[in-house]
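Written out below as structure tokens is the structure these notes cover.
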Amino acid sequence: MHKGEGAMADYDFRTPRLHIAGPLAAGTRLELDRDQSHYLTHVLRLAPGDTILAFDGRSGEFLATIAAAGKKTVQLELIRQTRPQTVPGRIDYLFAPLKHARLDYMVQKAVEMGVARLQPVRTSRTQTTRINLDRMRANAIEAAEQCGVLTIPDIADEVRFDRLIAAWDPERPIVFCDERTETKNPLDALEQARRGPVAVLIGPEGGFSDEERELLLRIPSVIRLSLGPRILRADTAAVAALALVQATLGDWGT
């Protein structure tokens, strides 16, 4: 968890949370759009006087009360800030797109793991033909609402693998989850890296091509990481790799 999200034992897990376009400030009133109004009044069955927690990904979290509820809109009044905005994470997650359900899962878990940026990467063996960035963002927001995260990661446009590597800062570490590397303690490999902004790269189900591997291994800061003796699906590998990186180079120990 980021600093500022650490005291989760005292966190209010019972009050509904809602991501709202900001900026947010105590003492202001906001009118929700039709979908969010319907969610509060018809799905959650809330009424004037009930409270929720509101956040926008930039202004922190606020206790808000339903000030008025009409047939189509709800007005919220922001009472006080409950948590200040947290510092964005230091990990970018680069991944070959997956099909819908597995991509949804992967995005949700990446948000829970505190990534700062989600970057789809088109590789030569990527099987998914189209990626829905709006769906990715909706899944990221839903995950943040459910698990108490205050920062919504940036959702980047898809980029071709060769263009990503050509523009890569050679000083920035990139963790390459490489099924061909020797199976050994992954923490040892990560602990040799410089702390700071880092990227984690997971390839498609068929792995990277020989040409792509060659391009990757030319990067001076690349860290080849083994995820063990078993072959993991890409969505499972995402959780495993991000946990390892957060434990060594990320904010779990800060």
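The values are calculated or read from the model by the stated rules, or taken from the named source; none is laboratory data. What you are looking at is a predicted structure, and each value in this text was computed from that prediction instead of being measured. Don't worry about glycine lacking a Cβ; one is built from the backbone with ideal geometry, like all the others, and counts go over all protein chains shown.
Just to be sure I understand, how many residues within the range 82-102 are crowded, with 17+ Cβ neighbours inside 10 Å and either under 17 Å from Asp56 (Cβ atoms) or out of contact with any strand residue (DSSP E or B) (no Cβ under 7 Å at 6 or more places or on another chain) (or both)?
Keep residues of the range 82-102 that are crowded, with 17+ Cβ neighbours inside 10 Å, which gives 83, 85-86, 88-98, 102.
From what is left, the residues that are either under 17 Å from Asp56 (Cβ atoms) or out of contact with any strand residue (DSSP E or B) (no Cβ under 7 Å at 6 or more places or on another chain) (or both) are 83, 85-86, 88-89, 98, 102.
Number of matching residues: 7.
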Checklist line | Search result, residues across the range 214-238 that are outside any loop (DSSP other than H, G, I, E, B) and crowded, with 16+ Cβ neighbours inside 10 Å | finding: Leu215, Leu216, Val222, Ile223, Arg224, Leu225, Ala234, Asp235, Thr236, Ala237, Ala238
Margin query: Name the single residue that is nearest to Gly203 (Cα to Cα) among those in the range 132-190 being touching a residue at least 60 places away in the same chain (Cβ under 8 Å) and among the charged types (D, E, K, R).
Written below: Glu158
Check: Which number in (1) of a type outside the set (A, V, I, L, M); (2) under 30 Å from Glu61 (Cβ atoms); (3) loosely packed, with under 13 Cβ neighbours inside 10 Å; (4) touching a helix residue (DSSP H, G or I) at 6+ places or on another chain (Cβ under 9 Å) marks the one condition that Thr151 misses?
Finding: (3)
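Okay, residues lined up against (1) outside the structural domain of Gly114 (by TED's automatic domain parsing); (2) out of contact with any Pro (no Cβ under 9 Å at 6 or more places or on another chain); (3) over 18 Å from Asp92 (Cβ atoms):
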residue: Arg163; (1), (2), (3): no, yes, no
residue: Arg172; (1), (2), (3): no, no, no
residue: Val198; (1), (2), (3): no, no, no
residue: Leu201; (1), (2), (3): no, yes, no
residue: Glu214; (1), (2), (3): no, yes, yes
Next item on the list: Within the range 191-213, track down each residue that is at pLDDT 80 or above and not in a loop (DSSP other than H, G, I, E, B).
Entry: Val198, Ala199, Val200, Leu201, Ile202, Asp210, Glu211, Glu212, Arg213
Next item on the list: Count, please, the residues in the range 156-176 that happen to be buried (at least 19 other Cβ atoms within 10 Å of the Cβ) and part of a strand (DSSP E or B).
Entry: 3
Notebook entry, point to check: Can you name the residue in the range 163-189 that is among the β-branched types (Val, Ile, Thr) and under 24 Å from the mean Cα position of the chain (by Cα) and, of all such residues, is farthest from Leu232 (Cα to Cα)?
Noted result: Ile165
